[in-house]
Amino acid sequence: SISLFTASWATALLAFSAWIFVLLLGRTRLFRGTFVERANVFCMQTLPGNIDRWLRAGVSDALVGRGEALWLSLFGRRNPVFQIFAIALYLLGLAVFMVEAAPLIPNRYVHGWQWITIILTLA
């Protein structure tokens, strides 16, 4: 039987995958007029507009303006600090993979030829 912990992680992973699917493919011609497009519009237009309205109603406009300026300075244009952080995070994940998982390949579940797909995925 599946434990509650495993089931909740599987549900969270499925929900996250569905969210990414909606964000990436919701505006394509294939999903025009479907639930996927409506979910994309909700996530990309309706929800951010509502959050902005709720914030402006709950806190001062000056504080919201400072938050917007901070957001734009971090993510609105090329930011070397953010880029260095993203590259460091990628390299750290790659190092953890190489130290922890790479010595275990090949094994009963992952064959040696699958290094091709591992390298293509990491590249």
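Under the shape rule built on the C-alpha gyration tensor, where the axes satisfy a ≥ b ≥ c, segment 22-82 is oblate, since a/c reaches at least 1.5 while a/b does not exceed b/c.
Across segment 1-67, the relative contact order, built from alpha-carbon pairs under 8 Å that are at least six residues apart, equals 19 percent.
Karplus-based coupling profile of segment 88-96, in residue order and whole Hz: 5, 5, 4, 5, 5, x, 5, 5, 4, with θ = phi - 60° in 6.51 cos²θ - 1.76 cosθ + 1.60 and x standing for Gly or Pro.
Across 48, 103, 80, mean-square fluctuation computed from a Gaussian network of the chain (C-alpha pairs under 10 Å connected) peaks at 103.
Rule-based calculations on the coordinates, nothing more; no lab input. All values derive from a computational prediction rather than experimental measurement.
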